[in-house]
Amino acid sequence: MSTTRAAGEFAELCNRLKGFIDGEVIPAEDLKAAHDMERNARAIERLRLRARALGFGPPRLPVEAGGLGLSWEECCGFFEEVGRSFLGPGALDCAPPGQPDVAVLERLANPQQRERYLGPLARGEVRSCFAMTEPAPGVGSDPRMLKASARRDGDGWVINAHKWFISGAIGAAFAIVVARTEAGVSWFLVDTDTPGFRIVRDIPTMEPFSRGGHAEIELLDCRVGADALVGEEGRGLEYAQIRLEGARLFHCMRYIGLASRAMQIAQDYAAKRESFGERLAAHQMVQAMVANAHIDLYASRLMTLDVARRLDRGESIRHESSMTKVFVSEAVNRVADSAVQMTGALGISEDVPLSMILRQLRPFRIYDGASEVHRAAIAKRVFAKQLRA
């Protein structure tokens, strides 16, 4: 990935992107159709074609392959701009779960898997999903509770699994299925049209503009070839950690953008709305909410930027990404909540997108590891380091 792009060149790219997001992507949002998955999928595809025509290829794809070749550091500014719109990540080929799937398959996929799965996914031609979470008593925050199984059968594998809350599964071309083998937790690439792979339902959630839903999936005697195994058998938990580190950071980048949009809407409202003889912006309690929001956004950007730079240097980010995910996921919720509070009844309506932004951001405190789980892991690593000293 490029790390030598001139600052002026990248600034110009971001300026063009801002114009596209403000001029075409945000206006394409139909708040009344926020839960119409098919309608929004069509809108995203139109915007995606338009983005390509304007020269916005997949952000992390190398330039020689038709992408922008952005470094992790450059992704911070780019993804924040994209993330200001509900439709932006899909239109600019940086939506979850595909983006973290691309990042991890770039490290793990063999040549055949790169051609069959990674290439089309990275180019935005297909979508993927990551199938790990299971209904109780299966895996949730505790990876040791994984129930899905994969057994060798002849020259292939037979997978049996019950998964749910699998983001992006509706319409995905393939899934990365996490299952337990004799050697331990392992990953498998499974085409969603494989016999035995069945989407049971799309589980309704509080989020608007969901792309691909959050599906419940069953794999019943689902047979795949030997070439479906990703990387080495038994290293699936290690691979999941690699994937989650990038996924957390991508979420932080995008959600900083969405939270900043919420606060801008609230500021515009406060600058015009009068109450008790003066504009809301003149009231100190409103000023405090605005100040706290910008402090949260500034700190969130700096933490995310630091982790991105560490990734560009090839450093381990396990500890830092965990801290950043906890802080940013809670900070952006505070920002959006303040935006709703500042705008009163209008903020909780769907005449403006503030309540939808709040609903979009709230699950981030659960996705990619609940805040409580991260805090426990952070503290354990701190004490472990102290005991080694």
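Since every read-out is calculated from the coordinates, none of them should be taken as a lab result. Small disclaimer: the values here were computed from a predicted structure and weren't measured. We place every Cβ from the backbone using ideal geometry, glycine too, and count neighbours over all the protein chains shown.
The calculated FRET efficiency for A33 paired with H294, based on their beta-carbon distance and R0 = 30 Å, is about 0.40. The magnitude of the dipole of segment 32-112, with charges of +1 and -1 set on the Cβ of Lys/Arg and Asp/Glu and taken from the Cα centre, is near 400 debye. Restricting attention to the chain, lysine pairs at least eight places apart or on different chains and with alpha-carbon atoms under 28 angstrom apart total 10. For segment 128-234, a Kirkwood radius taken over Cα pairs fed into Stokes-Einstein (20 °C, viscosity 1.002 mPa s) yields D = 156 µm²/s. Taking the Kirkwood radius as Rh and the Cα radius of gyration as Rg, the chain has a ratio of Rg/Rh equal to 0.98. Measuring spread by the Cα atoms of segment 1-149 yields a radius of gyration and Dmax of 17.1, 53 Å. Where Rh is the Kirkwood radius over the Cα pairs of segment 237-388, the temperature 20 °C and the viscosity 1.002 mPa s, what D in µm²/s does Stokes-Einstein return? For these conditions, the coefficient is 129 µm²/s.
Summary of packing: across the peptides 102-112, 269-279, 245-255, 74-84, the per-residue average of other C-beta atoms within 10 Å ranks them, highest first, as 245-255, 74-84, 102-112, 269-279.
Here's the picture: charge each Lys and Arg Cβ at +1 and each Asp and Glu Cβ at -1 in segment 1-156, and of F10, S85, G138 the one pushed furthest to the positive end of that dipole is G138.
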